[in-house]
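Colleague: Shown below is the structure under consideration.
The values are calculated or read from the model by the stated rules, or taken from the named source; none is laboratory data. Quick caveat, the model's predicted, so the values are computed rather than measured. Cβ atoms come from the backbone with ideal geometry, glycine included; neighbour counts cover every protein chain shown. Heads up: the accessible areas ignore ligands, DNA and RNA and are worked out on the full protein's heavy atoms, side chains in. Shrake-Rupley method; radii C 1.70, N 1.55, O 1.52, S 1.80 Å.
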Amino acid sequence: MEKKDVNKVKDISARALRMMNNPWTIQHEPFEVIDDVYFVGTSWVSSFLIDTDEGLILIDCAMQETLYLLIDSIHRLGFDPRNISKLLLTHGHFDHCGAVRAIQEMSGCEVWIGKDDAYFFTERRDLIVFEDHVPEFRIDHYYDYSKPIKMGEISIMPVHCPGHTEGTTSLFFDIEKDDSVLTCGIHGGLGSYVMRKENLLKSNMPLSLQTTYLESIDAIVDKKVDVVLPSHVGHLVDHDFLGIAKSGDKRKFIDSSVWLRMLLSKKQEMLDIIEKEREA
Ligand SMILES: [Zn+2]
């Protein structure tokens with residue numbers, strides 16, 4: 001079992017490196033998910049653009065290597081990336097924050113991140129993973145988990161969801177559509193491989209992150225989320241996010257069962273890992 005897990009972990013790093021070196025292979029068309037909320041990510045890592053009355057909000061900006069795809073996607077939707085006012089990061093890994101520096105210089109936007117990931121950018125740059133691919137950037141704000149971030153008509157509530165990283169932050173906001181209010185939700189970090197015992201030990205991180213992760217899933221699993229915005233489309237179960245975009249039937253993005261299914265499957269994945277590690 002141990003051997004298989006090690007290989008899988010190696011495979012994930014190799015896969016990430018392959019995508020980093022061949023960014024055009026993960027290019028994806030931008031599209032509107034729901035009124036004023038747009039997917040501007042790749043087929044591996046998501047980025048979402050929210051068009052408010054007062055400017056643009058970007059949630060995650062992916063890798064430095066895919067910056068040109070992000071900029072192209074934003075332009076193709078008819079927006080100017082220089083109008084990004086706020087950049088909200090889900091956590092401090094390279095695949096979500098590699099392009100921050102360029103976006104920051106281009107737009108002058110303010111950057112938010114969970115405070116517990118701040119030390120990634122000072123004393124533990126190794127925790128960024130592929131840190132040489134992440135130019136330094138200025139962090140303007142840490143999330144205040146008691147206060148929403150407001151811009152125009154949009155109010156985004158950050159929720160601390162430690163586990164994948166200590167500062168992982170999920171984001172929730174409401175959109176008015178046809179006389180109803182729909183809640184959009186993005187879970188900040190559901191990838192389990194960094195929480196494998198071997199990887200936690202290797203990076204000198206506490207094993208307790210595994211249970212912290214399970215607890216933080218439990219804390220938000222019952223939330224009513226009508227539109228799931230996946231931070232990686234691969235985290236979804238039986239909900240073909242990019243396929244829905246291709247089909248053009250955008251009503252299918254509204255499905256309040258997706259959040260629960262996604263979180264329960266990711267929770268189970270972690271429980272299975274813990275059990276196998278116990279047996280090993
Ligand atoms: Zn991550």
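Colleague: Show the residue pairs meeting these rules: Cβ distance below 6 Å; 6+ apart or different chains; first residue within region 75-96 and part of a helix (DSSP H, G or I); second residue near the ligand (Cβ under 8 Å from one of its atoms) and open to solvent by 10 Å² or more (accessible area, probe 1.4 Å).
Modeller: Hits for this filter: 94/129.
Colleague: Restricted to region 97-108, and to residues that are of a type in the set (A, V, I, L, M) and in a helix (DSSP H, G or I), which residue is farthest from the ligand (Cβ to nearest atom)?
Modeller: Filtering region 97-108 for residues that are of a type in the set (A, V, I, L, M) and in a helix (DSSP H, G or I), the one farthest from the ligand (Cβ to nearest atom) comes out as 106.
Colleague: Residues of region 148-183 being within 18 Å of the chain's Cα centre (by Cα), open to solvent by 20 Å² or more (accessible area, probe 1.4 Å) and among the hydrophobic types (A, V, I, L, M, F, W, C), which ones?
Modeller: 157, 159, listed by residue number.
Colleague: Restricting to region 211-239, what's the tally of residues that are assigned to a loop (DSSP other than H, G, I, E, B) and modelled with pLDDT of 95 or more?
Modeller: Matching residues across region 211-239 total 10.
Colleague: Something else: Residues 169, 165: which one is closer than 18 Å to residue 121 by Cβ, within 16 Å of the ligand (Cβ to nearest atom) and touching a strand residue (DSSP E or B) at 6+ places or on another chain (Cβ under 6 Å)? Spell out how you get there, then give the answer.
Modeller: Working: 165 fails: touching a strand residue (DSSP E or B) at 6+ places or on another chain (Cβ under 6 Å).
Of the residues listed, the single one that is closer than 18 Å to residue 121 by Cβ, within 16 Å of the ligand (Cβ to nearest atom) and touching a strand residue (DSSP E or B) at 6+ places or on another chain (Cβ under 6 Å) is 169.
Colleague: Given the options 191, 185, name the one that is touching a residue at least 24 places away in the same chain (Cβ under 8 Å) and in contact with a His (Cβ under 9 Å, 6 or more places away or on another chain).
Modeller: On the way: 185 fails: in contact with a His (Cβ under 9 Å, 6 or more places away or on another chain).
On inspection, the qualifying residue turns out to be 191.
Colleague: Considering only residues that are farther than 24 Å from residue 56 by Cα and touching a Ser or Thr at 6+ places or on another chain (Cβ under 7 Å), look in region 127-162 and name the one that is nearest to the ligand (Cβ to nearest atom).
Modeller: The selected residue is 127.
Colleague: Residue by residue through region 49-74, note down the ones that are part of a strand (DSSP E or B), at negative phi and either away from the ligand (no atom under 16 Å from the Cβ) or small (Gly, Ala, Ser) (or both).
Modeller: 49, 50, 51, 52, 56, 57, 58, listed by residue number.
Colleague: Moving on. Please work out if residue 262 is in contact with a His (Cβ under 9 Å, 6 or more places away or on another chain) and either hydrophobic (A, V, I, L, M, F, W, C) or open to solvent by 30 Å² or more (accessible area, probe 1.4 Å) (or both).
Modeller: Here the answer is yes, as residue 262 does meet what is asked.
Colleague: Oh, and also: Please go through region 87-112 and pick out each residue that is of a type in the set (Gly, Ala, Ser) and open to solvent by 10 Å² or more (accessible area, probe 1.4 Å).
Modeller: Hits for region 87-112 are 102, 107, 108.
Colleague: Is it the case that region 172-187 has a residue that's within 12 Å of the ligand (Cβ to nearest atom), in a loop (DSSP other than H, G, I, E, B) and at pLDDT 95 or above?
Modeller: Yes; the residues of region 172-187 include at least one that is within 12 Å of the ligand (Cβ to nearest atom), in a loop (DSSP other than H, G, I, E, B) and at pLDDT 95 or above.
Colleague: For residue 214, which of the numbered conditions (1) in contact with a Phe, Trp or Tyr (Cβ under 7 Å, 6 or more places away or on another chain); (2) more than 16 Å from the ligand (Cβ to nearest atom) fails to hold?
Modeller: The one condition residue 214 does not meet is (1).
Colleague: How many residues are part of a loop (DSSP other than H, G, I, E, B) and aromatic (Phe, Trp, Tyr) if we restrict to region 121-171?
Modeller: At the first step, the residues of region 121-171 found to be part of a loop (DSSP other than H, G, I, E, B) are 122-124, 129-130, 134-140, 143-148, 152-153, 161-168.
Applying the additional criterion that residues be aromatic (Phe, Trp, Tyr) yields 130, 137, 143, 145.
Residues that pass the stated criteria total 4.
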